[in-house]
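Just below is one structure, and these are the notes that go with it.
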Amino acid sequence: MAGPTTAERGERKTPRSGPPRLPRLLRLRRPRRIIILLLALVVLAAGTLWTLYGSSWLRVRKVSASGTRVLTAEQVLETADVPVGSPLISVDTGAIEARLRRELPRIDTVEVVRSWPHGIGVKVTERTPVLVVGKDGGDGKGDTGEEDAPGENAGKSGEFVEVDAKGVRFATVPSAPKGVPLLVLAVPRSVGGGRFGTDRLVREAVRVARALPDAVARDTQVVKVRSFDAIALELSGERTVVWGSGEKGRAKAATLGALMKAAPKARHFDVSVPTAPASSVS
């Protein structure tokens, strides 16, 4: 009887097509490994959550404040009202920052940061006054044909409102800070501020105060605003400066400094047009 042909023997040796089969043991272990891995992840997540929220290891124990100048650290911490003893991760730093800015207007910027494992730090930057306004000056119309001038009644009331470099009125103080000029708004009743409201005029006065040379700024006692482009300075020694508008402040500051050096005995200066300044003794 004839044996298998060469073609038949070749067919027997040809492996079957398709993916190789895994050993039975490995097929049984794969689901177990996945289940064990998932359980490990669940345990790890639960442990992390418990550590952050449930354990006593990462809770608020210390709250500190820095950056204060006029405010005290106690004022800042009392207003911040950080929940001591609560999980550090649960402290709403954004809400604390908003509350501090809302209730303490003297604060310009604030940052509340977590200091692991037990601390909260409150870093504040206070506003710096550029001008002060008499609190009882008001904006009503006076009998002299001019708007009541904030500041002219300050000596009677004994209170001043501080204005920062952004024109923000942020705090009332019993006395004017040393070296901070008094802002007087003396807008004629017929003008009434025109298209430039009081806030705009205050910002323009601030713009002028910030442009002053250091030596002049130290001697400036009053910044008087009659209109947007009619701003004047009253310096120590009964000296006055006609400044004009707040525009070209750098050029006006340089011109004023040169003018004062050239005419040291002058008492009146006009730099409203910095290319054509003037000075006089009387």
Residue identified as more than 31 Å from the chain's Cα centre (by Cα), exposed (fewer than 14 other Cβ atoms within 10 Å of the Cβ) and in the same structural domain as residue 187 (by TED's automatic domain parsing) among 275, 255, 240
275
Considering only the range 62-77, state which residues are within 20 Å of residue 118 (Cα to Cα) and surrounded by 13 or more Cβ atoms within 10 Å (Cβ to Cβ).
63, 64, 65, 73, 76, 77
Which of the residues belonging to the range 74-86 are within 20 Å of residue 129 (Cα to Cα) and either in a loop (DSSP other than H, G, I, E, B) or not β-branched (Val, Ile, Thr) (or both)?
75
Every residue in the range 22-38 that is of a type in the set (Lys, Arg) and either surrounded by 10 or more Cβ atoms within 10 Å (Cβ to Cβ) or at pLDDT 65 or above (or both), please.
27, 29, 30, 32, 33
State all residues of the range 135-174 that are loosely packed, with under 14 Cβ neighbours inside 10 Å, more than 22 Å from residue 101 (Cβ to Cβ) and at pLDDT 80 or above; if no residue qualifies, say none.
174
Here the residues within the range 204-229 that are in contact with a Ser or Thr (Cβ under 8 Å, 6 or more places away or on another chain) and among the aliphatic types (A, V, I, L, M) are 209, 212
When residues of the range 107-134 are limited to those that are in a loop (DSSP other than H, G, I, E, B) and surrounded by fewer than 19 Cβ atoms within 10 Å (Cβ to Cβ), the one modelled with the highest pLDDT
128
Note on the range 257-282: residues part of a helix (DSSP H, G or I) and out of contact with any strand residue (DSSP E or B) (no Cβ under 6 Å at 6 or more places or on another chain) are 257, 258, 260, 261, 262
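The values are calculated or read from the model by the stated rules, or taken from the named source; none is laboratory data. Worth saying up front: this structure is predicted, and the values here are computed from it rather than measured. Positions of Cβ are backbone-derived with ideal geometry, glycine not excepted, and every protein chain shown enters the neighbour counts.
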